[in-house]
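Okay, structure first, notes after.
The values are calculated or read from the model by the stated rules, or taken from the named source; none is laboratory data. These numbers were taken from a predicted model, which means no experiment stands behind them. We place every Cβ from the backbone using ideal geometry, glycine too, and count neighbours over all the protein chains shown.
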Amino acid sequence: MAEVAKILGLEVEEQAPLIAVLRCNGSFKNSPKKVSYEGATSCAFAHNLFGGNGGCPYGCLGEGDCVKACAFDAIHINPETGLPVVNDKCVACGACVEACPRDILELRPKGKKERRIFVSCINKEKGGPAKKNCSTACIGCSKCFNVCEFDAITMKDNLAYIDPYKCKLCRKCVVECPTNAIHELNFPPRKIKTGETAAPKKAMAVRHPDKEKVAVENIDLTEKVKVEKPGAVKETPPIEKVRESAPEEKKSNEEKKEG
């Protein structure tokens, strides 16, 4: 292409190769079927009739309009998940993107060594309804946004979006996501440093002395937690002193009985 442009006296800007990416993880497992659709096998038709088998109004309908639009056999429906899968035959023509009525497919850079990180969700509902319909939905918690050091993540309409041109593939956002809505592709397994273990923490209900309501806090289970009311703190004497005072108290009690 560069040679042709040179002959024509034109300038061609080099662009990173692109590939179609599915931004939905509403599989049969993550978004269990609530209703059954019976009608024309077309995503465009089904989109106008109902929200989807799993209840998500933004999720993949799985009727295969993207597959029919692809002329390169680069996409097919996985029968185990019900979601489209894009393979290496993709030439980034954009036909599948145009065919999807819910704009779930997006052309993104293939990335160095085919490595990519993206939010596999486009649900704009608030966290509660989104999580109710799909266990891996983005809930708009902003944890990924807060941890990103490269200004690659933006938050809009309760949804996170990762800019592929700003993302440095550090993978910090992937770990932070509480619903596993952020996908990382073609990365090596994470290495666990020897001798480094995180303190186990669990969400526990703790009644504060100065409050009537119960608040949920993260408690470090490796430490002993003791909650006492103000003014009711009493020093516990050493064990040795307790043992020494025990015979004297017993002797005093016997004298009282004799008296």
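Residues in segment 152-168 that are among the basic types (Lys, Arg) and either more than 30 Å from Ala16 (Cα to Cα) or part of a loop (DSSP other than H, G, I, E, B) (or both): Lys166, Lys168. Considering segment 1-54, the residues that are touching a helix residue (DSSP H, G or I) at 6+ places or on another chain (Cβ under 6 Å) and modelled with pLDDT under 90 include one that is nearest to Thr81 (Cα to Cα), namely Tyr37. Residues that are of a type in the set (A, V, I, L, M) and not in a loop (DSSP other than H, G, I, E, B) were ranked within segment 90-105; the one that is nearest to the chain's Cα centre (by Cα) is Leu105.
Results for (1) touching a residue at least 40 places away in the same chain (Cβ under 8 Å); (2) surrounded by fewer than 18 Cβ atoms within 10 Å (Cβ to Cβ); (3) polar (S, T, N, Q), shown as yes or no for each residue.
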site: Leu105; (1), (2), (3): yes, no, no
site: Gly111; (1), (2), (3): yes, no, no
site: Phe118; (1), (2), (3): yes, no, no
site: Lys124; (1), (2), (3): yes, yes, no
site: Gly128; (1), (2), (3): no, yes, no
site: Ala137; (1), (2), (3): yes, no, no
site: Phe145; (1), (2), (3): no, no, no
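Tell me which residues, restricted to segment 47-62, are surrounded by fewer than 21 Cβ atoms within 10 Å (Cβ to Cβ) and either within 20 Å of Val97 (Cα to Cα) or charged (D, E, K, R) (or both). Selection gives His47, Asn48, Gly51, Pro57.
Applying a threshold of 6 Å to beta carbon distances and a minimum spacing of six or more residues, or different chains, the list of pairs starting in segment 154-183 at a residue that is of a type in the set (Lys, Arg) and ending at one that is part of a loop (DSSP other than H, G, I, E, B) reads Lys166/Phe150; Lys166/Ala152; Lys168/Phe150. Of all the criteria given as (1) modelled with pLDDT under 95; (2) within 24 Å of Pro109 (Cβ to Cβ); (3) aromatic (Phe, Trp, Tyr), the one not satisfied by Tyr58 is (1).
In this structure, Glu149 does not satisfy being within 22 Å of Ser27 (Cβ to Cβ) and either within 22 Å of the chain's Cα centre (by Cα) or not basic (Lys, Arg) (or both).
Within segment 130-151, none of the residues are within 22 Å of Gly82 (Cβ to Cβ) and in a strand (DSSP E or B). Somewhere in segment 38-48, is a residue assigned to a loop (DSSP other than H, G, I, E, B), farther than 23 Å from Ile139 by Cβ, out of contact with any Lys or Arg (no Cβ under 6 Å at 6 or more places or on another chain) and of a type in the set (Ser, Thr, Tyr)? Within segment 38-48, one or more residues are assigned to a loop (DSSP other than H, G, I, E, B), farther than 23 Å from Ile139 by Cβ, out of contact with any Lys or Arg (no Cβ under 6 Å at 6 or more places or on another chain) and of a type in the set (Ser, Thr, Tyr).
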